[in-house]
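Scroll down for the structure; my scribbles are underneath it.
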Amino acid sequence: MKLAGILLIVIFTMSGIGYWYYTDTQRTIAVLTENNAKLELAVATNEETIKTMAADFAAANEEIRRVNTEFAAIRQQNNQLAAKLADFDLGLLAASKPESIERAVNRGSANASRCFELLSGAKLTDSEKEATNGEQFNKECPWLYDDYKSRGMLNDASANTNNQQAN
């Protein structure tokens, strides 16, 4: 009977240890499952962030490319203007022909101001709509002529000529 009592104590002890091990393992599994769900959510969030950042980076690169292209065009226009101005000694001309230089400077200033107005979204005047080349459009910013023409904002001079001949 003594042996049976000892065996019974050993069986109860082993059963208690087995129960404790089972419940502790279940608790650990529950914690690990919860942590795994959190990690999966974090991975999904990170992947979405990476996609958004890549799209933003591509858009920024495209904007930089566009700005650099515009900058190159502006630099070319500045070089053309510098070349025009280099042909004249304005001080000497102003001393010898002050009235004509004053008219030229005032006309150039008015044309340059009109360039800023057009670049700011001002409506075209009738004479600008009827222009057939960049010089007629505006001598200070003739490159705008091609832009407005490509957007169909100028009157077609050949159509106007044909209409006048038909009448």
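The values are calculated or read from the model by the stated rules, or taken from the named source; none is laboratory data. Only a predicted model underlies this, so the values are computations on that prediction, with no experimental measurement involved. Quick reminder, even Gly has a Cβ in these numbers, built from the backbone with ideal geometry, and neighbours come from all protein chains shown.
Test Phe57 against the criterion of being aromatic (Phe, Trp, Tyr) and surrounded by 11 or more Cβ atoms within 10 Å (Cβ to Cβ), and give yes or no.
So Phe57 does not fit the description; no.
Need pairs with beta-carbon distance below 8 Å; first residue not assigned by TED's automatic domain parsing to the domain that holds Pro142 and within segment 67-79, second in a helix (DSSP H, G or I); sequence gap 6+ or separate chains.
Qualifying pairs under 8 Å: Ala73/Trp143; Gln77/Trp143.
Can you tell me which residues in segment 84-121 are of a type in the set (S, T, N, Q), over 14 Å from Pro142 (Cα atoms), under 43 Å from the mean Cα position of the chain (by Cα) and surrounded by 10 or more Cβ atoms within 10 Å (Cβ to Cβ)?
Passing the criteria: Asn106, Ser109.
Does Ala73 satisfy being in contact with a Phe, Trp or Tyr (Cβ under 9 Å, 6 or more places away or on another chain), within 25 Å of Cys141 (Cα to Cα) and surrounded by 10 or more Cβ atoms within 10 Å (Cβ to Cβ)?
Answer is yes for this residue.
Among the residues of segment 60-97, write down those that are among the acidic types (Asp, Glu) and either at positive phi or modelled with pLDDT of 90 or more (or both).
Listed by number, the residues that qualify are Glu62, Glu63.
Scan segment 65-98 for residues that are of a type in the set (D, E, K, R) and assigned to a helix (DSSP H, G or I) and jot them down.
If the condition is that a residue be of a type in the set (D, E, K, R) and assigned to a helix (DSSP H, G or I), then Arg65, Arg66, Glu70, Arg75, Lys84 are the ones that fit.
Under 6 Å between Cβ atoms, which residue pairs at least 6 apart in sequence (or on different chains) link something in segment 106-130 that is assigned by TED's automatic domain parsing to the domain that holds Pro142 and free of Cβ contacts under 8 Å to residues at least 40 places away in the same chain with a partner that is in a helix (DSSP H, G or I) and of a type outside the set (Gly, Ala, Ser)?
Here the result reads Leu118/Leu144; Glu128/Phe137, each pair linking segment 106-130 to a residue that is in a helix (DSSP H, G or I) and of a type outside the set (Gly, Ala, Ser).
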